[in-house]
1. Can you list residues from other chains, or at least 5 along the same chain, whose modelled amide H is less than 5 Å from the amide H of Val73?
2. Distance in nm between label sites at Glu186 and Asp111, each 7 Å beyond Cα in the beta-carbon direction?
3. Taking the Cα centre as origin and putting +1 on Lys and Arg beta-carbons and -1 on Asp and Glu beta-carbons, what dipole magnitude results for the chain, to the nearest 20 debye?
4. Each residue of region 148-165 in turn: what ³J(HN,Hα) in whole Hz from Karplus with 6.51, -1.76, 1.60 and θ = phi - 60°, glycine and Pro shown as x?
5. Charges on Cβ only, +1 for Lys and Arg, -1 for Asp and Glu, centred on the Cα centroid of the chain; of Leu76, His38, Ala167, which one is farthest towards the dipole's positive end?
6. Using the Kirkwood formula on the Cα atoms of region 1-158, what hydrodynamic radius do you get, in angstrom to one decimal?
7. In Å², what does the accessible area per residue of region 1-159 work out to with a 1.4 Å probe?
8. Can you tally the net charge around Val160? Count Lys and Arg as +1, Asp and Glu as -1, for every other residue whose Cβ sits under 15 Å from the Cβ of Val160.
Amino acid sequence: MIETSRKLITLDGLRRDTLEALLNSAVRYLAPDAATAHRNRLAGEAVTLLFCEPSTRTRFSFELAARRLGADVLTLDEGTSSRTKGESLADTLATLAAMDARLAVVRHAEDGIMSRLAARMVPGTALICAGEGTRNHPTQGLLDALTIRRHRPDLSNLSVAIIGDIAHSRVARSTARALDTLGIGEVRLVGPRTFLPRDNEIPGRPMESLENGIRDADVVIALRIQRERMDGDECPDLETYRREYGLDATRLESLAGADTLLMHPGPVNWGVELDPGLKAWPHNLINEQIHNGVALRMAVLEWLAGDSHGFA
Ligand code: NCD
């Protein structure tokens with residue numbers, strides 16, 4: 001039973017010990033028996049997935065996470081729901097709360113929607129952001145931090161380069177925030193000028209030069225160009241982008257080093273930000289990020305469902 005309303009809508013303002021507790025909890029769910037061993041933890045709870053934007057890995061991993069904890073899972077199909085009759089998202093959440101479906105996972109294109117929904121939450125429910133416009137993707141930030149920490153436990157000496165369309169990337173914001181809170185050595189934000197952040201909200205050093213940006217980086221996180229969030233004239237020519245900022249094995253090895261960890265939140269546009277040859281990069285962690293996402297989301301659901309479910 002959730003005692004009061006709880007939410008994870010941003011990583012901004014969360015304390016380091018909270019993030020560390022979540023990552024440590026997720027590690028328990030990485031154990032081989034995790035698919036079956038925790039089926040009673042959220043038994044009797046219902047998790048609703050309200051995805052008002054496309055998603056594959058985030059949606060399925062929340063669904064698997066909820067099922068592996070024994071919760072019922074409800075999936076809203078916007079097109080056939082009362083949303084088409086003008087019902088607001090806040091009213092949809094209240095409808096679900098009336099059925100005792102207390103945990104809602106929401107993805108939406110509109111910046112600012114999560115705090116508006118949070119302000120109207122029914123007591124006893126929980127709200128989880130699964131992607132909000134260009135601003136927040138807290139569980140992706142946490143799973144990226146978890147993935148890095150599994151390979152390089154001491155974050156304090158690491159240089160992480162995030163490369164690409166930072167300006168439109170909620171992943172860049174949340175991942176940089178998670179790493180900063182956890183005491184990362186350095187975050188570099190690398191891309192053409194039009195892709196660099198327009199504010200100082202992302203912790204990290206903006207850099208236009210790819211060579212300088214990835215030189216000796218311990219971790220490189222590539223991003224997709226998010227055309228759906230751009231006005232037509234902002235979008236660069238893909239061939240020019242590939243030539244100037246695309247990564248291949250030769251570039252990665254000669255500039256960053258043979259041990260550099262390669263990450264990407266997905267979906268990858270192979271042949272644009274990453275050369276398909278990098279699928280065979282020895283430290284390609286892209287599938288591991290997806291794998292870790294299920295465990296991390298189990299930890300988040302358990303945390304928000306409340307202490308009575310034994311969050312350590
Ligand atoms: C990202 C997203 O939706 O923000 N994908 C994801 O959740 N793993 C990144 C993207 O769409 O490029």
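The values are calculated or read from the model by the stated rules, or taken from the named source; none is laboratory data. Just so it is clear, the model here is predicted, and its values are computed rather than measured. Cβ placement follows ideal geometry from the backbone for every residue including glycine, while neighbour counts extend to all protein chains displayed. Side chains included, ligands, DNA and RNA excluded: accessible areas come from the protein's heavy atoms. Shrake-Rupley method; radii C 1.70, N 1.55, O 1.52, S 1.80 Å.
1. Placed amide hydrogens put Val47 under 5 Å from Val73.
2. For the pair Glu186/Asp111, the computed spacing is 2.9 nm.
3. Using Cβ point charges on Lys, Arg, Asp and Glu, the chain gives about 640 debye.
4. Rounded to whole hertz, the list is 5, 5, 5, 9, 9, x, 8, 6, 5, 9, 8, 10, 10, 9, 9, 10, x, 7.
5. The Cα lying farthest towards the positive end belongs to His38.
6. Result for region 1-158 stands at 16.6 Å.
7. Averaged over the residues of region 1-159, the accessible area is 44 Å².
8. Cβ neighbours under 15 Å give a net charge of +1.
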